[in-house]
1. Report those helices (runs of 4 or more DSSP H) wholly inside the range 72-189 carrying at least 2 residues which are under 23 Å from residue 54 (Cα atoms).
2. Determine the pairs where a residue that is at pLDDT below 70, located within the range 11-24, has a partner that is part of a helix (DSSP H, G or I) with Cβ atoms under 6 Å apart, the partner being 6 or more residues away or on another chain.
3. Touching a helix residue (DSSP H, G or I) at 6+ places or on another chain (Cβ under 6 Å), at pLDDT 95 or above, within 28 Å of residue 88 (Cα to Cα) and surrounded by 14 or more Cβ atoms within 10 Å (Cβ to Cβ): is that true of residue 109 in this structure?
4. Are any residues in the range 117-129 closer than 22 Å to residue 163 by Cα and crowded, with 17+ Cβ neighbours inside 10 Å, and if so, which ones?
């Protein structure tokens with residue numbers, strides 16, 4: 001069970017939450033990426049059925065930003081702001097007033113990511129860059145905590161680190177690169 005807890009967030013003994021609710025809350029960003037992929041598939045199929053020219057990477061990029069960054073960071077921001085002790089315990093830290101500050105940064109990024117769904121390439125690129133810098137910085141901190149303090153809590157060394165702080169921002173930056181021509185084609189039409 002300990003090995004699973006490092007990969008996925010699972011309910012610790014006596015948490016008072018059902019295992020399913022704990023799993024969803026702890027792995028929300030991964031679940032939101034799966035939803036973004038499903039929405040992208042539906043949008044691309046619908047566009048092709050109407051013979052519209054679309055670039056799947058551009059649509060996927062928009063949806064991943066909306067769901068994983070926008071809705072994901074809305075959840076994270078609300079949790080850090082209004083359930084700080086619980087959030088800190090997941091990361092393996094003590095509760096701190098800095099969580100309140102972190103929450104407002106997460107909520108601001110969430111707002112811009114949600115708005116970017118209906119905006120252009122430049123706004124999505126800005127969201128992508130801010131998210132990547134934030135996430136890679138958080139990854140460095142999580143790795144440092146693993147090295148110095150043996151902090152292998154699921155919120156520090158689990159899916160949060162490997163998926164949310166490393167793989168997802170790299171994937172979003174790759175999608176931004178792949179979608180750069182799609183924006184130019186859209187403007188020419």
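1. Qualifying helices (runs of 4 or more DSSP H): 98-115, 121-149, 168-178, 180-188.
2. 11/19; 11/22
3. Judged against the criteria, residue 109 is a match.
4. 124, 125, 127, 128, listed by residue number.
The values are calculated or read from the model by the stated rules, or taken from the named source; none is laboratory data. Quick caveat, the model's predicted, so the values are computed rather than measured. All Cβ positions, glycine included, derive from the backbone under ideal geometry; neighbour counts span all protein chains shown.
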